[in-house]
Amino acid sequence: MITASAVTSSVATRKHAPPPSVRLGALALACIAVALATLGVGAVRVEQPRAIEALFGHGTIDQVRIIRDYELPRILMAFLVGTGLAVSGTVCQSVLRNPLAAPDILGVVKGAALGVVFLLLVYPTAAVSYLPLAAFVGGLFAWAVVYLCAYRRGVTTPARLVLVGVAVTALCESIIRYVLIDQSQGIGTALVWLTGSLAATDMSRVWETSLWVAVIVPLVVACASRLDVIGLGDDLAHGLGVAVERTRWFTLLLAVLLASACVAVAGSMLFVGLIAPHIARRFVGSRHAVLLPAAAAVGTLMLLVADGVGRGADPPVELPAGMVTVAIGVPYFVYVLSRPL
Amino acid sequence: MKALVVVLASFTVTLAVGAATGRSAPRAVPFDPSCGPSRTTTRTVNGTLGSVELHGTTKRIVALEFSFVDDLVQVGVSPIGIADDHDPSRIIPEVRAKLKPYTSVGLRQSPNLETIASLHPDLIVADATRHVDIFRQLQAIAPTIALDSLKDAYLPSRHAAVVLGQAVNKCGGMVRRLKQDNIIMKRMRAAVMHATHGAGEKRQAMFAVVTAQVWNVHSSLEYAPSLLANIGIPSANVRAPNRSNVENPYFVMSEEDLLNNNPDILLVAQSPPLPTLFGLWSKDPLFQTLTAARLKRIYVVNQNLWSRSRGLEAGETICEQAVHLLYGIYVPITLPHVNGS
Amino acid sequence: MATVAPSAGLTRRRRAWAVFIGFAALAIGGFVWSVSIGPEHIGAWTLLKGTLAQGHDTKQLIVHLIRLPRALLAVLAGGALAVAGAMTQTLTGNPLGSPEILGVTSGAALFVALASVIVPSLAGVDTIFLSIAGGSLAAVLVFGIARFARGGISPIRLTLAGITISLLALALLQGILIVFSQDAELFFFWLVGGVTYASWRDIHTVYPWLLAGLALAMLLARSLNGLALGDEVARGLGYNVGRARWLSGVCVVLLACAAVGVVGPVAFLGLIAPHIVRRVTGSHNHFVVLPLSMMAGSALLLYADIAARHLDRHAEIPAGVVVAPLGALVFIYLARREKVAI
């Protein structure tokens, strides 16, 4: 539980360290640095100074095209999806008061996956441009089921939300497997989506996603102080005048919308929403006004690195970013957890 | 709840915009087998996911499935980029011998768009099932034609060959090659007739791909069985109607199902790692009660050739092997002389 | 519990026996039914002969070499997973515990997949060893993660850690299938879990581990009863809590991974069976719960397999397809009712 003492103590121990806002700035700079560093990494290698020049249109036509049409959308998408998933994860962890919560386990990601699998395999003649929509609807639907099942006597306790979320996740997963067995031909395409990848991105998708992120993230940040209070416990929050159930419902809805939108374009990208808030918290403390942007930065960094590694590891084969985040993230997560707080 | 209204409104707007931008499902276009009087300049080629306008002779071609590579080299066209799963040995030796050096563009399931773009192709040939989700991105690189390879029986695959011929402006050459293929198939049929003393092959053959975990049968809707049926070796009657999609050409069989089906001839392709179920089952006494086992009509064939390749030369090689295995007859598949057209 | 009147204890014991006989009857009924289903119509007398001896007649061979191992494996694996589930629930103090929630089954599946895809030469090694290695690693990770931050291991933390590791193992597995194998269709069937391809070889591979696991479980029954009372009370009563926990963990991994090695990662079996047992008998005594869970688990997997075979007469559908959604629904129901502390 993130108690008030924890908040003050974590900031207090950093009396001699730079204040959170400066650290936030450092994170943001790191994002840009890494983004530029991974520019040009891939099957077609473009060396560094040329890569940045190509961004502005100087260089061979090839280089400019590769950088602008392929690398740039992916990097922008990494920013968007990293931000979306990380912010969503932070909200989940705060509202559900559990450091292991994330949109993944609330049934959203698997629900979205189910929507996609359904569309791809049961209605293969439908336009593929409906895939993001199917993912989005699937995620929301799963969330609705979770919320309704967890709702009892006017309240949804965090514990129940988590458990029902886990159950719905498992249920979706089992239905997905059944559909995949039944329609074994299309497994390949579904599988690529299910693993989470930034590969088939283009600028139009970037614009669509940025619309979502630009609308929802500020809304979440606006709730920052309320999120701080909710972290103190239901009773205390009530006492301080915050409408607990309504805030919980609203912020979780925002988190789910964000996560669904991200999953819709990037596939089932797990783990970012779980680990980014943790790393961010170590850097800037638990005040949401700073934590949320920091988590966004960390999420972005994670995806930038994962996508870069995926592109450059074994060209021309691309390791899906979703797989790299897991492969690198889990050992790092365990390492982080083994150190004392 | 003003924020909520804003969120829902933007949702509706996005939906409306997405629907209005007319990205409807690509419609299947009717097959046009004619070469036409002059196809050397601008021509429209109809693929499964839509038509494409081509000018002049296409020289730089990227092929994303093995069957396309096979068909292309038959008319003397060597693609500059091939999705070979990063493993050149997956292309059958007969076809590899005819290929000039090429660039690998990665996995068939998710080819590397950057690499494809850097090759500056003037034509991309994609699979209508596998690449349906990246079709749009491929079209942005070069004129793209989608043909059925994965989901295809033998005769329709020849339509794909003709369309390929049209696309690379070697329509006449392809038609001639198909005539040669017809003659070879006639030889095969004649050999089968001869071996069965004019009565025709009455026994049924089952083709299955076997791993350590499953016994996966290819039904008569799939490539190899329909190919064999075309030269007079009927496929085992194993069509299993399944609830959602009658056309699923693969399905899983247990040992008892196999015994119950009791095919006269069994063609097994083993997928590593060994030992597969076939290796295990062939040791047990029940397996020996199979008609095919008692009469020594079980043949192990190469998975890569029989299951993955699916092109013109692959088809001829498969038939050559089948006739040789079943009847001990060697039918040469050297190309017969056909009047030029 | 010690203050209950003797007559109530007798009733409870009678009840436990009645339930045991009931489950046993169900299991036997399921066994007989399972052996009698198949594309080949086989008469009762041949069924009986085939169950007892191999014989030479084809039909008898079918019964003995195909149907019998299938039913037998369902009994063994179902029982093992159910016992593992019951122990997990006590071990973690989480009524929603099961080997899947601990991430054990996913870890086991991942290692088996790794072997057959990346390092085929490894696949010669007994799948069980791979399975156990993967399951152990997953369990260690899950416990490590669940310990994180103040508060220690709570049921919710453990559930979350487990499902996280499960999802991650699955993501890795899918990535591997894409990048290396290209034959993903063929592997997915196994991933759902079932007894379609059961053989005597599987049974011979697995039964030593299962017997060892079950024996260990029964030996630990007393310690588990102690653990169920809570750590302080248990220590006060003289139980070695640390050792009991550790041994139980080993036992769970042993049973679950051995089962997964031969039938694939069947989800939720270990969750449903112990709950049914606890509801029906009202007992929390592990000397009762463990054997009864075993019976219930066996019956469950048997009937799931039967149901799956009836779902589609022509195609083979793995039993996991039936168990998993059922389990998930039970999970939802339980999650709504249980008062689980954060």
### Summary
In nm, the gap between the two label points placed 7 Å beyond Cα toward Cβ at residue C:205 and residue A:148 is 4.3
### Query
Using alpha-carbon positions, what is the distance between the centroids of the range C:237-263 and the range C:193-221, in Å?
14
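Helix-only estimate, please: 222 nm mean residue ellipticity of chain A, summing -39500 (n - 2.57) across DSSP H runs of length 4 or more and dividing by its residues, to the nearest 500.
On the way: 16 runs with 241 residues, N = 341.
Computed ellipticity for chain A at 222 nm equals -23000 deg cm²/dmol.
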### Query
Going toward the positive end of the dipole of the protein assembly as shown, with +1 on Lys and Arg Cβ and -1 on Asp and Glu Cβ, which of C:69, A:163, C:54 do you reach last?
A:163
### Query
Under the definition of partner shielding as Cβ atoms of other protein chains within 10 Å of a residue Cβ, what is the mean value for peptide C:321-332?
5
### Residues residue C:336 and residue C:237, FRET efficiency given R0 of 25 Å [Cβ-Cβ distance, rounded to 0.05]
0.15
### Query
Using mean Cβ contacts within 10 Å as the protection proxy, how do B:221-228, C:40-47 order, highest first?
B:221-228, C:40-47
### Query
Mind ordering A:163-170, B:119-126, B:91-98, A:286-293 by average Cβ neighbours within 10 Å, highest first?
A:163-170, B:119-126, A:286-293, B:91-98
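If you rank A:143, B:281 by fewest surrounding Cβ atoms within 10 Å, what's the result?
Numbers: A:143 25, B:281 22.
Lowest to highest Cβ neighbour count: B:281, A:143.
Please work out whether the protein assembly as shown counts as rounded, prolate or oblate from its C-alpha gyration tensor, where a ≥ b ≥ c are the square roots of the eigenvalues and a/c under 1.5 means rounded, while otherwise a/b larger than b/c means prolate and anything else oblate?
Details: a/c = 2.32, a/b = 1.17, b/c = 1.98.
Here the protein assembly as shown falls in the oblate category.
What percent does the relative contact order of the range A:216-341 come to when contacts are Cα pairs within less than 8 Å and at least six residues apart?
On the way: 90 pairs, mean separation 27.2, N = 126.
Normalised by residue count, the contact order of the range A:216-341 is 22 percent.
Could you sort the peptides C:104-116, A:315-327 by per-residue average Cβ neighbour count (10 Å cutoff), highest mean leading? Spell out each step's value before the answer.
On the way: C:104-116: 27.8, A:315-327: 25.4.
Those peptides, ordered most packed to least, come out C:104-116, A:315-327.
Taking Cα pairs under 8 Å and at least six residues apart, what relative contact order does chain A come out at, in percent? Please report the intermediate quantities before stating the final value.
Working: 532 pairs, mean separation 103.5, N = 341.
Relative CO of chain A lands at 30 percent.
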### Query
Convex hull volume of the Cα atoms in the range A:183-336, per residue, in Å³?
148
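Can you give me the relative contact order of chain C as a percent, contacts being Cα pairs under 8 Å and 6 or more apart?
Values: 554 pairs, mean separation 99.8, N = 342.
Across chain C, relative contact order equals 29 percent.
Take C:26, A:194, B:54 and order them by how many other Cβ atoms sit within 10 Å, fewest up front.
Ascending Cβ contact count within 10 Å gives the list C:26, B:54, A:194.
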### Query
How large is the helix-only mean residue ellipticity at 222 nm for chain C, computed as the sum of -39500 (n - 2.57) over DSSP H runs with n ≥ 4, divided by its residue count, in deg cm²/dmol to the nearest 500?
-24500 deg cm²/dmol
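Could you list B:159, C:204 so that the one with the fewest beta carbons within 10 Å of its beta carbon is first and the one with the most is last? Write down the numbers at each step before the final one.
On the way: B:159 16, C:204 10.
Ranked by crowding around the Cβ, least crowded first: C:204, B:159.
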### Task
Using the structure shown, select from B:98/B:170; A:110/B:151; B:179/B:202; B:202/C:59; B:100/B:186 the pairs with a Cα to Cα distance greater than 20 angstrom.
A:110/B:151; B:179/B:202; B:202/C:59; B:100/B:186
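Let me know the charge dipole size of the protein assembly as shown about its Cα centre in debye, to the nearest 20, where only the beta-carbon of Lys, Arg (+1) and Asp, Glu (-1) is charged. Could the numbers behind the result be given before it?
Details: 79 positive and 57 negative charges, 418 e Å.
Its charge dipole is roughly 2000 debye.
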### Query
What shape does the range B:198-327 take by its C-alpha gyration tensor, where a ≥ b ≥ c are the square roots of the eigenvalues and a/c under 1.5 counts as rounded, a/b above b/c as prolate, and the rest as oblate?
rounded
### Query
From the Cα gyration tensor of the range B:38-169, with a ≥ b ≥ c the square roots of its eigenvalues, which class applies: rounded if a/c is under 1.5, or else prolate if a/b is larger than b/c, or else oblate?
rounded
#### Entry: Simple label model, 7 Å out from Cα along Cβ direction - residue A:47 to residue A:28, nm
3.3
### Task
Considering the options B:55, B:99, B:155, tell which one lies farthest towards the positive end of the dipole of the range B:38-169, charges being +1 on Lys and Arg and -1 on Asp and Glu at the Cβ, about the Cα centre.
B:55
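Computed from the coordinates by the stated procedures, all read-outs in this text should not be read as laboratory data. The structure presented is a predicted model; accordingly, all values stated were derived computationally and were not measured. Cβ atoms come from the backbone with ideal geometry, glycine included; neighbour counts cover every protein chain shown.
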